[in-house]
Amino acid sequence: MNRKYHDTFYHGNFYHIFNRSINKEIIFRSSENCRYFLQQWNKYLMDSLLVYAYCLLHTHFHFFARVNERFKIPEQFPDINAYLENQFMLFLRSYSKAFNKVYNRDGSLMKKSFRRIWVDNDRYFAAVIHYIHHNPIHHKCTTDFTTWTHSSYKAIISSKPTYVNRDGVLDWFGSKEEFIAFHQQDLDYDKIEKYIVEE
C-alpha cells in the first residue's frame, strides 16, 4: 500500500502510532533498552496520550493510544498536533542519544517522521489491539505472543500497577476473560488494513 501515515492529532481521538529503525537496525538490544524507552515515553507523552496497547520489537514499536481530552496544551503551541509532534521529537531523540552513547554509535537511529493512523471506527479497536499484541508472532520473534515480555498484554491481564489504561481496555472487551479469549482467536487483518502498518 503506497500511503502516508501522518494523520493529524486531535483531542479524544485514537491512533495507531508506529516507527521503525533506519535500515531495520536493531533498536532494542536488551530489556534495559525497552525499560528506558518506556521510561522516556512516560516522561514526554504520558500526560497527553492514554495508552491502550503497545509492543516493542527488535526493529520497531507500536502504540495504540488516545489523545487525552483533558490535557491542556502549553501556551507556546498552537494546537495539540504541534505539541505532540514536538514531544515525539524530544522522546525519540532522547532514546536515540542514550542508545548511541551506550553502544558507541553515531547517527540517526529511527525514521524521523513517525507514523500515526487515526482509528476512526470503534468497531475495530479490539482488532487493532489484537494486531499489536500478536506482532511478535507476525515478525517471527516468538511463537507465543503471551510470553513476549515487551508488550502490554501481561500488564492488562495482571493486577500490578501499570500506566496502560487497563480499565479502559477491559471495559471495552467486557472482562479480562473475554479479553484473553479474543486474543486466542485468529483474526483476518484485512478488515483493519487501513489502520495498520506493514513493512
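The values are calculated or read from the model by the stated rules, or taken from the named source; none is laboratory data. Note that the coordinates shown come from a computational prediction; the quantities given were computed from them, not determined experimentally. All Cβ positions, even for glycine, are placed from backbone atoms using ideal geometry, and neighbour counts span all protein chains on display.
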Quiz item: Only one residue in Leu50, Leu90 is closer than 15 Å to Val164 by Cα and either surrounded by fewer than 21 Cβ atoms within 10 Å (Cβ to Cβ) or among the aliphatic types (A, V, I, L, M) (or both). Which one?
Solution: Leu50
Quiz prompt | Single condition Tyr52 does not satisfy, out of (1) farther than 23 Å from His134 by Cα; (2) touching a Gly at 6+ places or on another chain (Cβ under 9 Å) | solution = (1)
Quiz prompt | Residue match in region 96-114 (condition: of a type outside the set (S, T, N, Q), more than 16 Å from Asn19 (Cβ to Cβ), under 15 Å from the mean Cα position of the chain (by Cα) and crowded, with 16+ Cβ neighbours inside 10 Å) | solution = no
Quiz prompt | Residue under evaluation Lys24, criteria (1) out of contact with any helix residue (DSSP H, G or I) (no Cβ under 8 Å at 6 or more places or on another chain); (2) buried (at least 18 other Cβ atoms within 10 Å of the Cβ), criterion not met | solution = (2)
Self-check item: Neighbours by Cβ (under 6 Å, 6+ apart or cross-chain): first from region 107-124, within 15 Å of Ile27 (Cβ to Cβ); second modelled with pLDDT of 95 or more and in a loop (DSSP other than H, G, I, E, B)
Solution: Leu109/Ile27
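Quick check: is even one residue across region 115-136 under 16 Å from Met46 (Cα atoms), surrounded by 16 or more Cβ atoms within 10 Å (Cβ to Cβ) and among the charged types (D, E, K, R)?
From region 115-136, those under 16 Å from Met46 (Cα atoms) are none; that's our starting set.
The answer is no, given that none of the residues of region 115-136 is under 16 Å from Met46 (Cα atoms), surrounded by 16 or more Cβ atoms within 10 Å (Cβ to Cβ) and among the charged types (D, E, K, R).
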Quiz item: Is it the case that region 41-59 has a residue that's without any contact (Cβ under 8 Å) to a residue 12 or more places away in the chain, over 26 Å from Ala127 (Cα atoms) and not β-branched (Val, Ile, Thr)?
Solution: no
Quiz item: How do the pairs read when you match residues in region 70-85 that are in contact (Cβ under 8 Å) with a residue 24 or more places away in the chain with residues anywhere that are charged (D, E, K, R) and surrounded by 13 or more Cβ atoms within 10 Å (Cβ to Cβ), using Cβ under 7 Å and keeping only pairs 6 or more apart or on different chains?
Solution: Phe71/Asp47
Exercise. Could you please find all residues in region 1-53 being in contact with a His (Cβ under 9 Å, 6 or more places away or on another chain) and more than 16 Å from Tyr95 (Cβ to Cβ)?
Key: Tyr5, His16, Lys24, Ala53
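Could you please give the count of residues in region 161-199 that are small (Gly, Ala, Ser) and in contact (Cβ under 8 Å) with a residue 40 or more places away in the chain?
Counting residues in region 161-199 that are small (Gly, Ala, Ser) and in contact (Cβ under 8 Å) with a residue 40 or more places away in the chain gives 1.
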